[in-house]
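Reading through the structure tokens given below for one structure.
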Amino acid sequence: MTGKLSPEDQRAFNVQLVATLEQLGIPYAVGGSVAAMSYSEHRFTVDIDVMIDASIENLAQLVNEVDSWHIYISPLEAILEVEIPNHMPFNVIDGLRGTRADFYVARPTGLDASAMTRRRRMLLYSNPEAHAWFLSPEDVILYKLDYFRQSGETSAKHPADIAKMLRVIGDELDLAYLAEWSAQIGVADLWAAMWDEHRKASGNPLRARGVKR
């Protein structure tokens, strides 16, 4: 990689990837920090995490298209034999500009299936405008809680992103959905603690534990 990552380069890279998914007809949803920022505080452009609902044919088309840009994408064989079975992301990386994206192939059941049905169309960037499909805020929170647990609860990034989301849209969240799915994926204790902290910080402790009165 050469030079310093340019936010403009990453923005153009993200827009190109989203446009490609739409041209190929691959259902997708932006997640991760890009989605968290869209529901809270916009900052500089960062690398993008995308969940896709893709067949083998879709994946082959995506790999072939990105290969034509002369940048790195995980080989199809690795995606099928390693990343998907282990529910790991596959990567798209432009080594010259330092831009990258992580793609997760949605599982047909569980939280992935639910999240893909709840995605929403939102503004990705302005000036010029670009729109994309995003995970719902509840699903962004659930995945970040899950990643935090998987990291051994050592990564400060995910709790920080969730806290910012709660400050901006906490009262708009579907708390029943969060309670249900946080229990199903084994992060109910983390969600309860974060919600309690948010309500205390906002001066309204009556709606603790993520349950509406």
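Each reported figure results from applying straightforward, stated rules to the coordinates on display, with no laboratory input. No experiment lies behind these values; they were computed from the predicted model shown. Please note: Cβ atoms are built from the backbone with ideal geometry, for glycine as well, and neighbour counts cover all protein chains shown.
Percent antiparallel among DSSP beta bridges with both residues in the chain, to the nearest 5?
Bridges in the chain that DSSP calls antiparallel: roughly 75 percent.
Over all directions, how big on average is the projection of the convex hull of the alpha-carbon atoms in the chain, in square nanometres?
Quarter of the Cα hull surface area: 12.3 nm².
Rank-order 79-91, 189-201 by packing density, defined as the average count of other C-beta atoms within 10 Å over each peptide's residues, highest first.
189-201, 79-91
With a 10 Å radius around each residue's Cβ, average the other Cβ atoms per peptide and rank 122-128, 150-156, highest first.
122-128, 150-156
Run the dipole for region 65-213 about the Cα centre, Lys and Arg Cβ at +1, Asp and Glu Cβ at -1, nothing else charged, and hand back the magnitude in debye, nearest 20.
780
Can you check how the C-alpha radius of gyration of region 138-210 compares to 2.2 N^0.38 Å, as a plain ratio?
After normalising by residue count via 2.2 N^0.38 Å, the value is 1.00.
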